[in-house]
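Written out below as structure tokens is the structure these notes cover.
Each value in this text was obtained by applying a stated rule to the coordinates, not by laboratory testing. What you are looking at is a predicted structure, and each value in this text was computed from that prediction instead of being measured. We place every Cβ from the backbone using ideal geometry, glycine too, and count neighbours over all the protein chains shown.
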């Protein structure tokens, strides 16, 4: 049985990224979980200024980010038996990333994301087709192939995600594996299901909108709902050992094992070029820092430095830091 430092569970996607200056951001005060909207003129023919093809998905982004930082990470997911899938495997192999836990689906194509962005605003909207990724099944035959010090669990889109999460958490208990969890919308919508897994979660990572969504479900509306310290303190009562909340250009926040709250601003002062992959690059940087130092504040700093580098490049993986960049 092989052992790795981190097994990364999530989607494996091809990214198609388009930029247009005819895309605008509008404020949306009617919905606190959707405070800004990306908009275009209805019925218009929108010119595309630039187009890029990259690789993405939480399993791909986080395992690549960890590997570049010197952590032995293995992506666990599913791709299609098609050209995109074959190219993705070659991409991983060229970066010396173990591909033995990637399954091939002969019926569904490799998933992809259609990303519409604006360099003017430095932001985007992602339309995701999960494809083969939504058919992954964490059978014992797959999970018994390896042990890991950490499981990083990203968004799970498959129909059997509840059963699959139960399998992952059960294996983690058996192998004394620590869990880092960045849940997706399917999990957040069924937050009552999440409740039974949160006490076994070492590190819960959410962005601010996701944190608001979860806190409102369990604790209701509050005048403090936009307050990061309030959100993070409430989430900690649900069971995770540590809670991390990212807040875009305002940085990130953590409530650590000892109950200490830290806030650090975003890394760098330049306007982002492309925010695709910012969350995954933060997560890989943070987890790598935690593995190296077991220090929440230092890990938070590396996560922000990694995401700050990624947002200055086009694509979710092109700006990732390497081990030599760690100071």
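Within the stretch 126-216, the proportion of C-alpha pairs whose separation exceeds 17 Å stands at 50%. Among beta bridges identified by DSSP and lying wholly in the stretch 1-129, the antiparallel ones come to about 55 percent. Residues 62, 276, arranged from fewest to most other Cβ atoms within 10 angstrom of their Cβ, appear as 276, 62. Counting DSSP beta bridges with both partners in the chain, what percentage is antiparallel, nearest 5? The antiparallel fraction comes to roughly 45 percent. Looking at the stretch 96-224, the DSSP beta bridges with both ends there are about 55 percent antiparallel. Size check on the stretch 175-327: the Cα extents along the three principal axes, sorted descending, read 41, 36, 28 Å.
Shown here: percent of Cα pairs over 26 Å apart, derived from the displayed model; of the candidates (1) 59; (2) 45; (3) 53, it corresponds to (2).
If you average 1/r across every pair of different Cα atoms in the stretch 20-113 and take the reciprocal, what Kirkwood value do you get, in Å? Show your work: numbers first, answer last.
Values: mean 1/r = 0.0613 Å⁻¹.
Averaging 1/r across every pair of different Cα atoms and inverting gives 16.3 Å.
Could you list the residues of the stretch 106-124 with an amide nitrogen less than 13 Å from a label point located 7 Å from the Cα of residue 81 in the Cα-to-C-beta direction? The answer is 106-110.
Please arrange 164, 175 by counting, for each residue, the other beta carbons lying within 10 Å of its beta carbon, fewest first. If you can, show how the numbers build up before the last one.
On the way: 164 19, 175 16.
Going from sparsest to densest Cβ surroundings: 175, 164.
Principal axis extents of the C-alpha atoms in the stretch 157-257 (largest first, rounded to whole Å): 40, 28, 24. Given R0 = 25 Å, the distance between the Cβ atoms of residue 297 and residue 176 translates into a calculated FRET efficiency of 0.45.
Summary value for the stretch 2-319: 17 percent relative contact order, contacts being C-alpha pairs under 8 angstrom separated by 6+ residues. Which residue fluctuates the most in the chain, going by a Gaussian network model with Cα springs under 10 Å, if the choices are 307, 113, 176? In this elastic network of the chain, the residue with the biggest mean-square fluctuation among 307, 113, 176 is 176.
Take 49-61, 4-16, 292-304 and order them by the average number of nearby Cβ atoms within 10 Å per residue, most first; the result is 4-16, 49-61, 292-304. Exposure proxy shown here: for 67, 157, the number of other Cβ atoms within 10 Å sets the order, fewest to most, as 157, 67.
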